[in-house]
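Below is one structure; the comments refer to it alone.
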Amino acid sequence: SELIRGFLLSGMPCPSSCPPGLLALMAPGLALMATFSLPSQAGDRRALPVEKPPGVKGRTLILLDVNTKSPVRIISENFLSLQLDPSIIHDGWLDFLRAGLLRTPARSLRRSLRLPPPSPEGGKAPAKRSPAGSRFPPSPPRRLGPRHDIVRSDIALDKQKGCKIAQHPDIMLELQREKAAQMHLVLLKEQFSNTYSNLTLTARSLDKLYNFADCSGLHLIFALNALRRNPNNSWNSSNALSLLKYSASKKYNISWELGNEPNNYRTLIGRSVNGSQLGKDYIQLRSLLQLIRTYSRANLYGPNIGRPRKNVIALLEGFMKVAGSTVDAVTWQHYYIDGRVAKVTDFLKTRLLDTLSDQIRKIQKVVNTYTPGKKIWLEGVGATSAGGMNNLSDSYAAGFLWLNTLGLLASQGIDVVVRHSFLDHGHNHLVDQNFNPLPDYWLSLLYKRLIGPKVLAIHVAGLQRKPRPGRVIRDKLRIYAHCTSYHNHNYVRGSITLYIINLHRSRKKIKLAGTLRDKIVHQYLLQPYGKDGLHSKSVQLNGQPLAMVDDGTLPELKPRPLRAGRTLVIPPLTMSFYVVKNVNALACRYR
């Protein structure tokens, strides 16, 4: 079988990250970010002609309106997607994907699921074990397994009775957690020594992975191993062809990628692959897909480069010259900070939140030079690299980066974002090894339930600071606006959803003005639950703790209704969503 990297795309629920298995969730939604002293690309930011209400201090009140006539961006219905780490094939978690406590959260986020190869981002990306693009061993992976593997796989799936939920005794889960903890230490050792072992994907493993995606309403994106090279440095596709033929024989609906972080291949196989050769490899893969009837029209994504530094930009330019028209979307990855040195205060730094914006502009400049209008995906994103840190990258504090990432990407026209990851060996995941949803999962679920694909421009007045020469103002209150999701039948079309990040250590007051004035608002306020504060792995929604009701049931996400005209009071260090009902916004009436 072959070392691979894969992804899944689909409806609303979804899981996690890396080697021959990766999950990607996508959610409908558009957002626009507001910073109060700089002009916005999305629309006019001039002060509104609204008089200051009596008795309210001017410096504490923010006046907010939204342009409801037309959207400034329209992103994919699959905007929020998930990645599943291929390490689950090696550490045993693959056999638990049929558990109700995993499938139910995945189904609620369904959109897309990505399975990538291991990432070789030189310590900047989470450690992953997988074949197609990231951290691969220098020796070639074995080919798709022998006939008896395929036969056993068919029998196993027949026993599963389609999408039947599996029940696992507590002792099995405890043993699996111990096994996974040992594997985590092995992966960390490999990462720090920069030496990696092979990971083999059998037909049986692929069947289990596809069954999970299909039964969770996800679309799978699979990354093939690009590290198998011929003597002339061209891609050796023999292993991939075996995998493609097997997948086609099972009629699996899969989209494809080739490799992961090609800018790091030299550290993995001792030789680099330039952008031009990478483009030729993608053209070769497209030709293979066209030869197989099942995949003649399959989507192909790439090249999934790392952080766009100078040498990486040169690689992307070479790739776009040769194969820009071959891929359906251009992809790259971004991890904010090194998980080995991160502190909770890092997640509150506005400078860190803004680092992504510059990367977006660099990628867009190259793509629009060679293929104007080509869709761009951020196909691997996490708060921290190196697998993350316990009680940090899986805590409430990490949500500030995640929610701001969603708003920033949507407002700047990035079509899809793939979150690393749903479930894996590190601490960047959305679901822990007890199958409990973590804070970023609940944040993602609210986003999917409330946010539609149309981004709206906002107009803000108040709390403005005068810019100083040579100094960039980075505001701690960030506001995004979307049309409310059409899939949410609790709200009529024409409603608007705001989501707000308050990084201040004091509360902020927002008065809705213009088209939003005197409308009923539903509040969804997320705060940490328990004594751990920002380090908490549990959250409360409007004061009620969130947890699974049982293996197959998510809790009801109840809003708190606010009377028409009431000032929004945003508590310090919180994230919140506000649905402004019955605005009858022209931009939001139709899909």
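Quick notes
- Any hit, segment 283-299, residues being closer than 22 Å to Tyr335 by Cβ, open to solvent by less than 40 Å² (accessible area, probe 1.4 Å), out of contact with any Lys or Arg (no Cβ under 8 Å at 6 or more places or on another chain) and touching a residue at least 40 places away in the same chain (Cβ under 8 Å): no
- Which listed residue, of Leu224, Leu201, is in contact with a strand residue (DSSP E or B) (Cβ under 7 Å, 6 or more places away or on another chain) and modelled with pLDDT of 90 or more: Leu224
- Residue match in segment 536-552 (condition: among the hydroxyl-bearing types (Ser, Thr, Tyr) and outside any loop (DSSP other than H, G, I, E, B)): no
- Segment 476-487 residues that are more than 21 Å from Asn502 (Cβ to Cβ) and touching a residue at least 12 places away in the same chain (Cβ under 8 Å), paired with ones that are part of a strand (DSSP E or B) and open to solvent by 10 Å² or more (accessible area, probe 1.4 Å) (beta carbon under 7 Å, 6 or more apart): Cys483/Lys454
- Apart from one condition, Leu278 fits all of (1) open to solvent by 30 Å² or more (accessible area, probe 1.4 Å); (2) among the hydrophobic types (A, V, I, L, M, F, W, C); (3) within 30 Å of Ile337 (Cβ to Cβ); the exception is (1).
- Yes/no for Leu557 being in contact with a Leu (Cβ under 7 Å, 6 or more places away or on another chain), modelled with pLDDT of 95 or more, assigned to a loop (DSSP other than H, G, I, E, B) and closer than 23 Å to Asp394 by Cβ: yes
- Where a residue in segment 262-279 is without any contact (Cβ under 8 Å) to a residue 12 or more places away in the chain and its partner, wherever it lies, is surrounded by 15 or more Cβ atoms within 10 Å (Cβ to Cβ) and not in a helix (DSSP H, G or I), with Cβ under 8 Å and at least six apart: Arg266/Ser272
Here's the yes/no breakdown for (1) farther than 15 Å from Leu316 by Cβ; (2) at pLDDT 95 or above; (3) out of contact with any Ser or Thr (no Cβ under 8 Å at 6 or more places or on another chain); (4) of a type outside the set (S, T, N, Q):
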position: Asn239; (1), (2), (3), (4): yes, no, yes, no
position: Tyr246; (1), (2), (3), (4): yes, yes, yes, yes
position: Ser255; (1), (2), (3), (4): yes, yes, yes, no
position: Asn274; (1), (2), (3), (4): no, yes, yes, no
position: Ile283; (1), (2), (3), (4): yes, yes, no, yes
position: Gln290; (1), (2), (3), (4): yes, yes, no, no
position: Arg297; (1), (2), (3), (4): yes, yes, yes, yes
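- For segment 214-253, a residue qualifies if it is open to solvent by 10 Å² or more (accessible area, probe 1.4 Å) and in a strand (DSSP E or B), and the qualifying residues are His219, Arg229.
The values are calculated or read from the model by the stated rules, or taken from the named source; none is laboratory data. The structure displayed is predicted, hence computed values, not measured ones. For neighbour counting, all protein chains shown are included, and Cβ atoms are generated from backbone atoms with ideal geometry for every residue, glycine included. Protein only, heavy atoms only, side chains kept; ligands, DNA and RNA dropped before computing areas. Shrake-Rupley method; radii C 1.70, N 1.55, O 1.52, S 1.80 Å.
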